[in-house]
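A quick write-up on the structure given underneath.
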């Protein structure tokens, strides 16, 4: 499939490519939709097996950001950037400054933030050459690492589905299987531990899993076993496509709610979860806390207002679940409809 065919498949939009010979930077900025405002989304910096894999990742992620912004009620469109991590040695500072110049050339049409493989320090490097960046240090007008806010939103989503599915007003004793103990997965474990949840975890890095075991009393299983854990909630918090034709039949839970983006490998996997009686919190609805947080930096940061808006994820997830139950429909289809309704209203207003 060619580039324009892929753009058509994902309903695009704009695609910007940049190569910087001096630093080895190879960057993709995918801007899916700007009806609600300038595109906002994180910068991913990981290894890819091929350029095509990087392109598809950027396209899928940016489209997800459009829906995430729409359903979260923030005035931004969907965008995402992918930096293909060089295989050999490289100057990280120079590479991220080169990326900052790329963003400056886009003139604020796309605003970046942290994502997999990037940090507050990387955002500071970008900030040294452009203002079109969020997630910088508080002393520089930012809010720092957005991971705790993402985790807070996921926790609120889990609480909503515990109420809807399990008829529970609290989550004490709830068993949650967490796949991926990175920045967000760790924060989610911390929040759930405070509320008295039982945790089972898995991570590609055994040290991260062992940290959750040590600090939160989590049981550690291997990467394949996490899908088969008998639990109340399965929380995918690693990279995307964790819910697919192979893994969904293994699930032994009642709820899926996690922080990863693009959790469904294919749209029909949402139908598969529904057919199995598993209630799914659509990823872009439940993991929007980080986006809500960094979006607040653009207009003037107010932590109390951010907390209030992130906590509304509970109500959004509950509304999706209730509408899906009434319509006898998978939750991902209901969430898409809700996001599309908001985008359509923005089009009509313009």
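Considering each of 306, 298, 294 in turn, give the residue that is farther than 12 Å from residue 179 by Cβ, in contact (Cβ under 8 Å) with a residue 12 or more places away in the chain, touching a helix residue (DSSP H, G or I) at 6+ places or on another chain (Cβ under 8 Å) and outside any loop (DSSP other than H, G, I, E, B).
Testing whether each residue is farther than 12 Å from residue 179 by Cβ, in contact (Cβ under 8 Å) with a residue 12 or more places away in the chain, touching a helix residue (DSSP H, G or I) at 6+ places or on another chain (Cβ under 8 Å) and outside any loop (DSSP other than H, G, I, E, B) leaves just 306.
I'd like to check something: does the range 130-142 contain any residue that is crowded, with 24+ Cβ neighbours inside 10 Å and part of a strand (DSSP E or B)?
yes
So which residues in the range 273-291 are surrounded by 24 or more Cβ atoms within 10 Å (Cβ to Cβ) and part of a loop (DSSP other than H, G, I, E, B), if there are any at all?
Selection gives 281, 282, 287, 288.
Restricting attention to the range 171-185, which residues are touching a helix residue (DSSP H, G or I) at 6+ places or on another chain (Cβ under 9 Å), farther than 18 Å from residue 227 by Cα and modelled with pLDDT of 95 or more?
Hits for the range 171-185 are 171, 184.
In this structure, is residue 267 modelled with pLDDT of 95 or more and surrounded by fewer than 21 Cβ atoms within 10 Å (Cβ to Cβ)?
No; evaluated as a whole, the condition is false for this residue.
Could you grab me the full set of residues in the range 295-344 that are at pLDDT below 95 and on the phi > 0 side of the Ramachandran plot?
Matches in the range 295-344: 300 only.
Can you go through 235, 260, 209 and tell me which one is in contact with a strand residue (DSSP E or B) (Cβ under 7 Å, 6 or more places away or on another chain), surrounded by 18 or more Cβ atoms within 10 Å (Cβ to Cβ) and assigned to a helix (DSSP H, G or I)?
209
Can you tell which of 41, 117, 37 is touching a residue at least 12 places away in the same chain (Cβ under 8 Å), in contact with a strand residue (DSSP E or B) (Cβ under 7 Å, 6 or more places away or on another chain) and crowded, with 24+ Cβ neighbours inside 10 Å?
Of 41, 117, 37, the one residue that is touching a residue at least 12 places away in the same chain (Cβ under 8 Å), in contact with a strand residue (DSSP E or B) (Cβ under 7 Å, 6 or more places away or on another chain) and crowded, with 24+ Cβ neighbours inside 10 Å is 41.
Can you name the number of the only condition in (1) surrounded by fewer than 24 Cβ atoms within 10 Å (Cβ to Cβ); (2) touching a strand residue (DSSP E or B) at 6+ places or on another chain (Cβ under 6 Å); (3) in a helix (DSSP H, G or I) that residue 161 fails?
The failed condition is (1).
Among the residues of the range 75-86, is there at least one that is farther than 23 Å from residue 310 by Cα and surrounded by fewer than 18 Cβ atoms within 10 Å (Cβ to Cβ)?
There is at least one residue in the range 75-86 that is farther than 23 Å from residue 310 by Cα and surrounded by fewer than 18 Cβ atoms within 10 Å (Cβ to Cβ).
The values are calculated or read from the model by the stated rules, or taken from the named source; none is laboratory data. These numbers come from a predicted model, not from an experiment. All Cβ positions, glycine included, derive from the backbone under ideal geometry; neighbour counts span all protein chains shown.
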